[in-house]
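Peer 1: A single structure is presented below for examination.
No lab work stands behind these numbers, since they all come straight from the coordinates. The shown structure was predicted, so the numbers you read here are calculated from the model rather than taken from an experiment. Here the Cβ is made from the backbone with ideal geometry for all residues, glycine too, and neighbour counts use every protein chain on show.
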């Protein structure tokens, strides 16, 4: 709870900075504030800080262990994002507005991981989405950015309508907006799955799949990710996706004791669709940003697999690890992509990466590590993230699903290597890139995190305790 | 109030579903961004009506509070949407969404 107050206050302070002229100090203040939020979140997770507000707020938000861990992850992502994209704000006239939009959308993300009532789920999604519609169009002169913004807005509000209709139908069949009441109803002996309940749940599921861009509902994602400014894209594919999937997971593991037959098929369609569509369409992309967008769709397939098997005790932990690994990797990839984009007049096609190793070895090295981690090559974190989730599926007896997922990942290796080969085997056409000291430290830190998280789980999982 | 209760709940559900479907089809078929905004509003208002009908049926005021939240959020959403549309209009001089097809392959 304290995190929401700090971040919301920080957002208001940032807006005030526009009026009183202390714009110069905004970015340091925000970074300091986010660091404070991070410390508070870490202390709360360990139980060092505990106030009556923390446990539950009028039964609408519940900051249990699940919520606290995801708040910590989201704060980490946002903090890294603000540090990496420091210059996204410095060259803009209205940087205070953009930074405060980021902070307000963080509040939405925190609500989405801690809701116990559908009102808060709805409000969280909207608080997260509305700033993102604006940020997607923050490059006002560019028609591509405009298009991304309008598409995101139309698709997002359409999904919100579906979400609300689903919530209304669930309310009609259970008489309560509390997610936990839903569980009481569904575990009751006299529970019959009425058509109203099923339709409501399916609509809710589709809306959540829409927000997390799972396969049959993914059409907006590549366009929006390509059109938005690279910094915003990296926020969308890390922070927004993490919040959406965490909310998805929370919905199912609070509301249902197990996945009923009807939803099982829907889940399998979402999972297999995401894995295959994402990976296969990505093969044909020539734009690196669009390629990463499709690859993020295929990662959603894995994350949904963890949500499908939520009744397994380790599923939440493996979803958390997957998201952490994916978010750090994506931040690293987008950081390199943005630097390359700035040094090639906004060109982000794969040929812009030609001979990157000769232009700047550190950039090429970081991107290679990030892409290998996304492809799931051991001993990087992406491998262990995938391994944990496939292990759960295997324990559940879904042997064929594991085979399907591995086949889809093999396709993934192909297009990730396309960029790696462009970087190492082609001759550079553009001038070398020089990095500032801060960028070098950040790149090294991100590489270390990707490798370290992998080795960490490698060491701790293999040594029996 | 008696008249409202005299109408069976099924009729409300049917009416709201039809309104919602009209809104959804409008989003899918219309090409003018402003008309699409109106169709989205229609979808949200269908939900509002359904919530109020259920609320009356259950004698529970929670849903009516939810309706207020939906109305407030819808207003915020549409104002952001209109701002985005203004930005698009300045660059393209049209509100036809087919003008925006730069990002296709």
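Peer 1: Explain nothing, just the number: relative contact order of region B:2-104, from Cα pairs under 8 Å at least 6 residues apart, as a whole percent.
Peer 2: 27 percent
Peer 1: Using a 10 Å cut-off around each Cβ, can you sort A:3, A:44, A:18, A:427 from fewest to most neighbouring Cβ atoms?
Peer 2: Starting with the residue having the fewest Cβ neighbours, the order is A:427, A:18, A:44, A:3.
Peer 1: Evaluate 2.2 N^0.38 Å with N set to the residue count of region A:265-465, then give the Cα radius of gyration divided by it.
Peer 2: Region A:265-465 yields a ratio of 1.05.
Peer 1: While we're looking at this one, here's another question. Which whole-number percent gives the relative contact order of chain A, counting Cα pairs below 8 Å spaced six or more residues apart?
Peer 2: Value for chain A: 13 percent.
Peer 1: Can you bin region B:2-104 into rounded, prolate or oblate? Criterion: square roots of the alpha carbon gyration tensor eigenvalues sorted a ≥ b ≥ c, rounded for a/c under 1.5, prolate for a/b above b/c, oblate for the rest.
Peer 2: prolate
Peer 1: Give me the distance between the Cα centres of region A:185-225 and region A:109-161, rounded to whole Å.
Peer 2: 18 Å
Peer 1: Sticking with this one: Considering Cα pairs under 8 angstrom that are at least six residues apart, work out the relative contact order of region A:265-465 and quote it in whole percent.
Peer 2: On the way: 259 pairs, mean separation 55.7, N = 201.
Computed value for region A:265-465: 28 percent relative contact order.
Peer 1: When the helix-only estimate is applied to chain B (DSSP H runs of n ≥ 4, each -39,500 (n - 2.57), divided by the residue count), what is the mean residue ellipticity at 222 nm, nearest 500 deg cm²/dmol?
Peer 2: -27500 deg cm²/dmol
Peer 1: Just to be sure I follow: if Rg is taken over the C-alpha atoms of region A:339-438 and Rh is the Kirkwood radius over the same atoms, what is Rg/Rh?
Peer 2: Using only Cα positions, Rg/Rh for region A:339-438 is 1.12.
Peer 1: Whole angstrom only: what separates the Cα centroid of region A:387-457 from the Cα centroid of region B:19-54?
Peer 2: Spelled out, the Cα-based centre of one part sits 42 Å from the other.
Peer 1: Could I ask something else about it? Let me know the mean shielding of B:63-72 by other chains, meaning the per-residue number of their Cβ atoms within 10 Å of its Cβ. Walk me through the numbers on the way to the answer.
Peer 2: Numbers: counts 8, 0, 2, 9, 1, 0, 6, 9, 0, 2.
Mean number of neighbouring Cβ atoms from other chains: 4.
Peer 1: Kindly state, to the nearest 0.05, the FRET efficiency for residue A:426 paired with residue B:98, given R0 = 41 Å and r defined as their beta-carbon distance.
Peer 2: Values: r = 38 Å, r/R0 = 0.92.
Once rounded, the FRET efficiency stands at 0.60.
Peer 1: Right, here's the next one. Round to the nearest 10 and give me the degree value, 0 to 90, for the angle of helix B:62-92's Cα axis relative to the longest principal axis of chain B.
Peer 2: 10 degrees
Peer 1: Sorting A:241, A:24, A:440 on the 10 Å Cβ count, fewest up front, what's the list?
Peer 2: By the 10 Å Cβ count, ascending, the order reads A:24, A:440, A:241.
Peer 1: Set the Förster radius R0 to 45 Å, insert the Cβ-Cβ distance between residue B:18 and residue B:59 as r into 1/(1 + (r/R0)^6), and round the FRET efficiency to 0.05. Before the final figure, lay out each step's value.
Peer 2: Working: r = 26 Å, r/R0 = 0.57.
Plugging the Cβ-Cβ distance into 1/(1 + (r/R0)^6) gives 0.95.
Peer 1: Fewest first, what order do B:97, A:266, A:102 take by the number of other Cβ atoms within 10 Å?
Peer 2: Lowest count first: A:266, B:97, A:102.
Peer 1: For chain A, what ratio Rg/Rh do Cα atoms give with a Kirkwood hydrodynamic radius?
Peer 2: Working: Rg = 21.4 Å, Rh = 22.5 Å.
Rounded to two decimals, Rg over Rh is 0.95.
Peer 1: Hey, with R₀ at 51 Å, roughly what FRET efficiency would residue B:28 and residue A:192 work out to, going by the Cβ-Cβ distance, to 0.05? Intermediate results must be reported in sequence, preceding the final value.
Peer 2: Details: r = 33 Å, r/R0 = 0.65.
The calculated FRET efficiency here is 0.95.
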